[in-house]
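The values are calculated or read from the model by the stated rules, or taken from the named source; none is laboratory data. Quick caveat: nothing in here was measured; it's all calculated off a predicted structure. We place every Cβ from the backbone using ideal geometry, glycine too, and count neighbours over all the protein chains shown. Side chains included, ligands, DNA and RNA excluded: accessible areas come from the protein's heavy atoms. Shrake-Rupley method; radii C 1.70, N 1.55, O 1.52, S 1.80 Å.
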Amino acid sequence: MPEETKSIDYVMEAASGPHFSGLRVDSLAAASSSPSAAASAFSAALPDATSLKQPFVIGVSGGTASGKTTVCDMIIQQLHDHRVVLVNQDSFYRGLTAEESERVHEYNFDHPDAFDTEQLLECVEKLKCGQSVHVPIYDFKNHRRCSESFRQVNASDVIILEGILVFHDQHVRSLMNMKIFVDTDADVRLARRIRRDTVERGRDVNSVLEQYAKFVKPAFDDFVLPSKKYADVIIPRGGDNHVAIDLIVQHIRTKLGQHDLCKIYPNVYVIQSTFQIRGMHTLIRDTDISKHDFVFYSDRLIRLVVEHGLGHLPFTEKQVITPTGSVYTGVDFCKKLCGVSIVRRIILNRDQRISAMLTLVHVVLTNIPSSPGGESMENALRACCKGIKIGKILIHRDGDNGKQLIYEKLPKDISERHVLLLDPVLATGNSAGQAIELLIQKGVPESHIIFLNLISAPEGIHCVCKRFPSLKIVTSEIDVALNEEFRVIPGMGEFGDRYFGTDD
């Protein structure tokens, strides 16, 4: 079907290219079940931090005065909880020479040669790599760049590249994750162009019409309209098409909120990121934060993770009578539920196993966390689930040989319950794997286990999900990777020690 005959309000196709570079699928096949092999595979797939969370790049093209800027503004307004920057192709006009300035009425500003495409390409590539850039400011009255001023654009979650010819160059197109073409009637565009150039750029109507007939319309037919075929989304009527823009924003939100690991493992859930959540992560990851603030903001984040995890429990429909005498149809909470904390200690020799068991008894009977670990998440769970039973799994490293010893205190009827397994940091996944294996041995179905943590390393997610595909993982953020010492990067240090004040 010819492009001009399409009458639908919008056409949406899958955006090409990665939006978040997390785990490469081909590296999974090379990784074995051992943590070291998995770590090696992930190290190869994750060479540096900048390749992990590349911004989502949107190209917005269309004829002159088609409403591209209006569409961009509407997208930015609806994505208010994400960092979004707008880069205009008009900023990259080449400055006219003295000879060209004298004959400016004969210069074609709508031709691809009028733009410094190489600088535009360099700018977008730097933004995708997380670097700040200086965008030139173009003086449309004098037809040259302002030599002493520029606009600094910082790295963001979303980059919108807007201009009539942003789809013309193949290299620029290849940087885009979504391409939008704003399709507006030619008469409407001409009327808008006349209004804009006379009011904003100090030109008279005759010169605008002459330029439109001589340069603008031929360039649209030769360069802009043919690039429409590269669009993933076509928006007729521009900013008036609220349905199309709402769907575009919904699609962008889905892409922004979905980590690549969530596509590979459908049982991994990351709570939707907002400025509030990112702000709290910024605070608890700061090495200079006070213990009081660290505990306060950690508890807030943990509460969000717990609430999200509870949302994955089975519910039954329930009707109640409200104080107005009306019937309200809702749901009833899952009754068979318990929490289990993972607690860790390092044992230097086998003679200290008795001390480990005494530690476990001390933790269970006094409910005082003498060992850092999942206990930091218990208060949030108790606040959400009144009277919930909480068990303990104490995992000890026996010397330096990698062997681990497990001691546990769990509810006797745990096999009949759904289990919320608590551990603030998922690193290699070794301890989590042993704790999950123990729960399964106690009769807990794998599908009845929900593993809650604040941050997760990709290696740990890979390790746990490969072994236990029916279990659910709920986390607030997936970090970059593990370093050579198997510490989560960027991470937040020894969480339990910082939370309970047992660090140096």
Q) Given 0.36 nm per residue, what is the gain on full extension from Gln276 to Arg300 after removing their alpha carbon distance, in nm? A) 7.6 nm
Q: Place the peptides 144-151, 452-459 in order of packing, highest mean first, counting for every residue the other Cβ atoms within 10 Å and averaging per peptide.
A: 452-459, 144-151
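Would you kindly state how much longer the chain becomes between Glu100 and Arg203 on full extension, computed as 0.36 nm times their sequence separation minus their alpha carbon distance, in nm to one decimal?
35.3 nm
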Q) Can you give the translational diffusion coefficient of the stretch 47-134 in µm²/s, computed by Stokes-Einstein from the Kirkwood radius over Cα pairs at 37 °C and 0.692 mPa s? A) 211 µm²/s
Q: Treat each spin label as a single point 7 Å out from the Cα along the C-beta direction, and report the Phe315 to Arg237 distance in nm.
A: 3.6 nm
Q | Extension reserve of the Ile137-Cys384 stretch, reckoned as 0.36 nm per residue once the Cα distance is removed | A | 83.6 nm
Q: Rounded to the nearest 0.05, what FRET efficiency do Thr70 and Tyr107 give with R0 = 30 Å and r taken as the Cβ-Cβ distance? Could you check?
A: 0.65
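Report the Rg/Rh value for the stretch 374-504, based on alpha-carbon coordinates and the Kirkwood definition of Rh.
0.95
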Q) Using the C-alpha atoms of the stretch 226-296, what convex hull volume per residue, in cubic angstrom, is computed? A) 182 Å³
Q. Can you give me the pair-distance distribution of the stretch 169-226, C-alpha pairs, 5 Å bins, whole percents?
A. 4, 15, 21, 21, 15, 13, 9, 2, 0
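Can you tell me the order of 413-423, 317-327, 111-121 when each peptide is scored by its average per-residue count of other Cβ atoms within 10 angstrom, highest first?
413-423, 111-121, 317-327
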Q | Protein accessible area in the stretch 166-219, 1.4 Å probe - carbon and sulfur % | A | 51 percent
Q. With Cβ to Cβ distances under 10 Å as the rule, what net charge do the other residues near Glu477 carry (K, R +1; D, E -1)?
A. +1
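Based on the alpha-carbon gyration tensor of the stretch 140-200 and its eigenvalue square roots a ≥ b ≥ c, which shape applies: rounded if a/c is under 1.5, prolate if not and a/b is larger than b/c, or oblate?
oblate
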Q: Write down the Kirkwood hydrodynamic radius of the stretch 51-198, to one decimal in angstroms, obtained as one divided by the mean of 1/r over all alpha carbon pairs.
A: 16.2 Å
Q | Calculated log₁₀ intensity ratio I(q)/I(0) where the Debye formula runs over C-alpha points of the stretch 250-330, q = 0.14, 0.21, 0.23 Å⁻¹ | A | -0.74, -1.02, -1.10
Q | Dimensionless Rg/Rh of the stretch 165-298 - Kirkwood Rh, Rg from C-alpha atoms | A | 1.19
